[in-house]
1. In region B:170-276, which chymotrypsin sites (Phe, Trp or Tyr not before Pro) fall in coil by DSSP and have 15 or fewer other Cβ atoms within 10 Å?
2. Where nothing but the Cβ of Lys and Arg (+1) and of Asp and Glu (-1) is charged, how large is the charge dipole of region A:2-116 around its Cα centre, in debye to the nearest 20?
3. Can you give the longest stretch of chain B with no exposed loop site, where a site means GluC sites (Glu not before Pro) in a DSSP loop (not H, G, I, E or B) with at most 10 other C-beta atoms within 10 Å?
4. Taking +1 at the Cβ of each Lys and Arg and -1 at the Cβ of each Asp and Glu, which of B:Pro163, B:Tyr274, B:Ala115 sits farthest along the dipole of chain B towards its positive end, judged by Cα position relative to the Cα centre?
5. Which of the listed residues, B:Phe291, B:Thr254, B:Tyr336, is farthest toward the dipole's positive end in region B:218-369, when Lys, Arg count +1 and Asp, Glu count -1 at the beta-carbon?
6. Need one value for B:373-379: mean number of C-beta atoms belonging to other chains within 10 Å of its residues' C-beta atoms.
7. Running Debye on the protein assembly as shown with equal point scatterers at the Cα sites and no solvent, what base-10 log of I(q)/I(0) appears at q = 0.07, 0.10, 0.11 Å⁻¹?
8. Test of the criteria: in region B:276-333, which trypsin sites (Lys or Arg not before Pro) are in a DSSP loop and have at most 16 other Cβ atoms within 10 angstrom of their Cβ?
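No value in this document is a laboratory result; all are computed from the given coordinates. Values in this document were obtained by computation on a predicted structure and should not be read as measured data. All Cβ positions, even for glycine, are placed from backbone atoms using ideal geometry, and neighbour counts span all protein chains on display.
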Amino acid sequence: MATMLQLRYLAHARSGDKGDTANVGLIALEAEFYPLLVEQVTLKRVARHFKGMVTGVERFELPNLSALNFLLHGALDGGGTLSLKTDAQGKVYSTALLRMEIEVPNRIAKHARKVYA
Amino acid sequence: MTERKRTVRIAAGQGFWGDWLEAPVRQVQGGPIDYLVLDYLAEVTMSILQKQRSRDPSAGYARDFVSQMERILPDVADRGVRVISNAGGVNPRGCADAVRAAANRLGVGERIRIALVTGDDLLERLDPLMTEGESFANMDTGRPLSDVRDRVRSANAYLGMMPVVEALDRGANVVITGRVTDTGLTLGPLVHEFGWSADDWDRIAAGTIAGHILECGAQSSGGNLLRDWRKVKRLEDVGFPIVEAEADGSFIVTKHPGTGGVVNIASVSEQLVYEMGDPANYITPDGIVDFTTIKLARAGKNRVRVSGIRGRPRTAMLKVSVAYFYGYKAIGSLVYSWPEAFDKAQAADRVLRKRLKALGLEFEQILTEYVGVDATHGRLAGAPSPGIAEVMLRVGVRGPDRAAVERFTREIAPLVLTGPPSVTGFAGGRPAVEEIVAYWPALMAREKIEPFVRVEMV
């Protein structure tokens with residue numbers, strides 16, 4: 001049995017910028033959660049999540065840190081000093097990714113909600 | 001043969017220009033350290049400093065650094081702490097002179113040996129280099145720099161750790177540089193202390209990661225830490241990170257005892273992924289680092305052991321950061337209150353846009369955000385609650401025409417009496433027109449830059 005769960009209960013994250021690209025480093029809260037991130041927080045799903053907000057996505061795996069790194073191109077409205085956005089440097093794009101829901105086994109969902117709520 | 005230290009302690013003092021002013025002195029006095037590294041330079045900082053220097057030839061460096069140094073110089077003189085900083089900006093000589101004057105004033109001048117690193121500044125060399133065929137093609141767009149040459153404000157190569165090593169080898173206890181990479185400031189003392197070879201790529205990579213963990217100050221010791229953020233205690237006394245490095249390239253990340261914040265695997269991991277690109281190919285002037293080889297392990301309270309780091313040879317190119325004048329921008333805001341706060345803010349935006357259009361004002365972009373509704377997460381935030389207490393309308397414009405941007409700034413205040421109701425929050429007055437200096441990244445062969453790099457004792 002599986003249930004949908006927001007990434008905020010499964011991962012923490014930090015983001016930064018490089019020009020008009022924001023990065024989001026997504027780090028599993030427990031090593032056991034990492035395979036779920038690898039399997040479900042795919043390039044395609046992240047691109048769909050940010051549709052209309054970014055022009056392209058790349059994904060990299062860091063199993064040593066139980067982390068995925070995403071590059072969100074065209075995310076910062078020009079970036080750097082050009083951008084008119086509140087979040088011109090993409091500092092909180094990380095939290096926008098944590099809104100995404102993925103399918104997780106009930107056992108993990110119950111545990112994650114209890115420990116990380 | 002000189003005796004090599006077993007453990008070298010390097011402390012972070014500033015993560016950017018504007019960081020906590022109390023941090024450097026706390027790092028120096030809070031416990032034993034060998035080096036204090038202070039990073040002041042972000043991508044756009046150089047152009048701001050260039051602008052200051054064009055008005056005053058003695059300016060162009062991070063002035064904060066000098067007042068910080070006044071508090072630290074006695075410890076540098078008495079306790080052998082050595083300071084390394086890129087505070088020199090576009091005028092490292094002026095910065096060194098100011099620190100020298102402060103040291104003399106404090107009566108420690110004889111024991112302060114300042115090294116000054118120059119050669120990163122390419123502004124004067126730009127035209128000859130372009131004549132020789134250097135295009136400084138923009139790394140993102142491919143455009144040649146000739147497209148914006150007449151608007152260039154500053155141009156600096158990112159230097160690596162080499163001049164820092166030379167300065168320390170020559171006995172400096174204060175090293176002041178211009179655009180040396182953040183990571184080079186930390187790698188330099190490790191290479192100096194341990195005698196690592198510049199082509200010992202794994203150790204170069206390890207020292208670079210140590211630098212990456214220190215370069216943003218408290219962001220690796222509990223500041224801006226998302227995981228378990230409520231459990232991060234005493235951020236008012238946050239301890240900035242300290243690296244305790246070993247000759248084999250492994251190191252411990254920690255902070256002074258009794259300070260606030262936290263150093264754990266989560267705090268180090270969040271810093272490691274900050275501003276990350278392709279993790280297997282983190283390119284610096286000193287080598288290429290593979291972040292997928294980093295091993296983290298808990299090594300006691302507020303202690304994380306970092307090891308296993310692998311690197312690869314450096315490239316033949318250095319990155320060049322050019323800053324050029326782009327245009328103007330201004331951002332105005334007003335706050336609308338319940339009831340129907342979001343509807344009122346949206347109605348005000350429509351009124352504003354119609355007025356701008358009627359005035360015939362043209363902009364490259366007009367951006368509207370509703371703070372409290374969509375400013376940070378866009379549509380992902382969903383619709384706001386109908387009972388939302390207030391919404392901030394935030395409108396920005398950008399364009400080449402200063403007069404148009406100026407006129408825009410005069411259209412915000414009138415909305416208070418001529419637009420939708422329940423509006424406040426205009427105490428700040430008319431928004432400022434800001435000059436936009438944009439960033440132009442390029443690459444250049446290192447052999448055209450490195451022969452110009454000089455280390456001088458002043």
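1. Answer in residue order: no site qualifies.
2. Once rounded to the nearest 20, the dipole reads 340 debye.
3. It works out to B:133-458.
4. Result: B:Tyr274, furthest along the dipole toward the positive end.
5. Going by the charge dipole, the pick is B:Tyr336.
6. Taking all residues of B:373-379 together, the mean is 5.
7. Result of the Debye calculation: -0.45, -0.92, -1.11.
8. Numbers: sites: B:Lys295, B:Arg298, B:Lys301, B:Arg303, B:Arg305, B:Arg310, B:Arg314, B:Lys319, B:Lys329; in loops: B:Lys301, B:Arg303, B:Arg314.
Passing both the DSSP loop test and the Cβ count: B:Lys301, B:Arg303.
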